[in-house]
Every structure is written in C-alpha cells, then in structure tokens.
Amino acid sequence: AAQGPIAICTWEFTQANATAGKLLDQGYNALDAVIQGVAVEEENIKNTTVGKGGSPDREGNVTLDACVMDHTGNCGAVMCVEDITNVAALARKVMEDTPHVILAGEGAKEYALSSGFKAENLLTEASEKAWKEWLKESKYQPIINIENHDTIGMLALDAEGNISGACTTSGLAYKMKGRVGDSPIIGSGLFVDNAVGGAVATGMGEEVIKTVGSFLIVELMRNGMSPQEACEEAVRRIVTTNPNHVNFQVAYIAINKKGETGCYCIHPGFKMMKYENGTNNPIVAGSHLQ
Ligand code: SD4
C-alpha cells in the first residue's frame, strides 16, 4: 500500500524540503516536487555550493552539475554547465525531450537557451571576492561540512507510491576547470529504482564515484537492508579502503518503497531534512567518526 507522501533532502534545507513536501501533499508527483524543491536552493544566492551564487572553479567559472531520475527508470543529467541557474530542471528536459541522458558544457548551455532557459551571471560579488581571496594562497582543501549551504540532493515518495530524485550542485569550490563530481553521475550522486527505493550523496564526489555510492545503497536495500543499514555500509566501503577519509566528508540519505528513511556520514555535522505528515524536521545523521 502506498504511504503518505515523504520528501527528504541533504543538509538543513528547510524551505526547499518544505516546498517539495507541500507540493506532494497537494498531489504533485515526486518528479515535479523534487525539481521545484531543489530550485529553491539553485536560486538562493547565499548558498555557495548550488546554482546561482555557487563558488567558481579556480579560474573563476561557476560550472554546475545536476541530474534527475524518475520512477520509470528514466534519467537525465547535465555537467559543467555555465550561466544557467535551474540545472535540475534542465536535466529533466534532457531526460524528457532528447534522445540522450547526459549533455555537457557548451552543448548543455546551448540546449538550455534554445529551450527557453535564460542566461544569467551565476558568479555573485560575494563568491568572486571569496575566490580572489582564495587565489592568494591557492590551496585546494575542500571543507568538511558546509552546513546549510551545500549540495542539495532530494528524494520524494508521492501519494501514488512512486519515487523520484534530483541532485544539483556547483561542485567543490576551486575545483580544476572541467572537473565533474558525483552529483550528475547516475548511480553515484543519485539512484532511484522504484521497486526498491532511492539514494543521494553529498560531500567529496570523487569518493562517491569510486564506490558508485547511490547505486550501492539501492542494491543493498534490494537485498534486504534498511535505508539506514545501507547508508552505513556505503560509508563503510569508503572508510575501509581510504585512510584519508579523516580529511573529507561523504554523506548519504536514502528512502525505500515503504517510506522508511536513513542517513549516515563520515564526519559529524551532517543533517537530513524529512517532510512527512505535514511536518518538516531536521534529523542529525550518525557518523563513522565522532
Ligand atoms: C561534488 N558532491 O561535486 C559534490 C559536492 C558536495 O558537499 O556535495 N559538497 O563533489
């Protein structure tokens, strides 16, 4: 039997998650809900790791990554896109209106413009200033938790019992030009199988890609693990193979078909938002390190 609608997302993005949850309560499907939910952060210029206002690469270009996956197993992604704010919606457009799954760089931007998305300068004064400050030492050292203003990954279970997800980010601040993280990679940053559940990742994308984290979590749930157990196992895969995990964060959230959810991370400080039965609450994730 279908559960009441549920929306979960990475970090404490209260408004984004409430936006999705309320749409679900009004009968919107999971895909519409997650796209509109994550758009709140894509448009929030104070969030320096998503959409407009995102931190640039080390050459000063803001390049965005996003993907979506729906309950039919369809997916779409865009990578390294400049000048377009709502890249999750663009990923959906790629999924629905092109014969492809991924568009990258210039091609993705041209497709966006020809589809009615508008070109905007995504580099805010604040991000430009921070980048210029960074240039003085040019020391690449990703920050472990950027609470409340990090990559947003969202999963929704709608009134019909269908699951969809979206993930959108500007990636790691001061990355190399052309660098693509896990967030637009289906199976790494996001995976949904409507028969089982869905998972999304945030944190050091390179580590998520190496372990195909979101796909792993869905497969573990298929084999009987709860979302919580599956998130813990996916984190364990990283920490047991990479002793450098003391220097980076990875966090996962997951939901299954029954509406059970889970979250886990390497370093304390990660939270998941959960909207259910009209209430929207932060949940502090357990962590491998204390
Ligand atoms: C990336 N996973 O590009 C993203 C960034 C992120 O918390 O989630 N930061 O690697």
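Listed highest first by mean packing, meaning other Cβ atoms within 10 Å per residue, what order do 116-122, 66-72 come in?
For the peptides 116-122, 66-72, the packing ranking is 66-72, 116-122.
How many percent of the alpha carbon pairs in the stretch 166-250 exceed a separation of 19 Å?
36
In what sequence, highest mean first, do 208-219, 157-168 appear when ranked by Cβ atoms within 10 angstrom?
Order by mean packing, descending: 157-168, 208-219.
Taking the Kirkwood radius as the inverse of the mean 1/r across Cα pairs, report the Rg/Rh of the chain.
Using only Cα positions, Rg/Rh for the chain is 0.95.
Could you work out how far the C-alpha centroid of the stretch 213-239 sits from that of the stretch 17-33, in angstrom?
Each part's Cα centre sits 26 Å from the other's.
On a straight-distance basis, which lysines could pair with Lys22 in a cross-link, Cα separation under 29 angstrom, same-chain partners fewer than 8 positions away excluded?
Lys46, Lys52, Lys93, Lys118, Lys257, Lys258, Lys271, Lys274
Work out the length of the dipole vector of the chain about its Cα centre, built from +1 on the beta-carbon of each Lys and Arg and -1 on the beta-carbon of each Asp and Glu, and round it to the nearest 20 debye. The partial results should precede the final answer.
On the way: 23 positive and 35 negative charges, 98 e Å.
Charge dipole of the chain: 480 debye, to the nearest 20.
Using a/c under 1.5 as the rounded threshold, could you call the stretch 102-181 rounded, prolate or oblate? The axes a ≥ b ≥ c are square roots of the C-alpha gyration tensor eigenvalues, and prolate needs a/b larger than b/c, oblate otherwise.
oblate
How much of the DSSP bridge set in the stretch 55-132 is antiparallel, in percent, rounded to the nearest 5?
Antiparallel bridges make up about 60 percent of those DSSP assigns within the stretch 55-132.
Have a look at Ala195, Val250, Gly205 and report the one farthest towards the positive end of the charge dipole of the stretch 162-290, computed about the Cα centre with Cβ charges (Lys/Arg +1, Asp/Glu -1).
The one lying farthest along the dipole's positive direction is Gly205.
From Cα coordinates alone, what are the radius of gyration and Dmax values for the stretch 147-290 in angstrom?
Every Cα atom of the stretch 147-290 included, Rg and Dmax give 14.2, 43 Å.
Positive end of the charge dipole of the chain (Lys, Arg +1 and Asp, Glu -1 on Cβ, about the Cα centre): tell me which of Leu24, Leu289, Gly73 has its Cα farthest that way.
Result: Leu289, furthest along the dipole toward the positive end.
Kirkwood Rh, the stretch 23-126, all Cα pairs: how many Å?
Details: mean 1/r = 0.0720 Å⁻¹.
The answer is 13.9 Å.
Can you give me the Cα centroid spacing of the stretch 116-134 and the stretch 263-290 in angstrom?
If we compute the Cα centre of each part, the gap is 30 Å.
Where a number appears in this text, it was derived from the coordinates with a stated rule and is not lab data. Just so it is clear, the model here is predicted, and its values are computed rather than measured. FYI the Cβ positions are ideal-geometry reconstructions off the backbone, even for glycines, and counts take in every protein chain you see.
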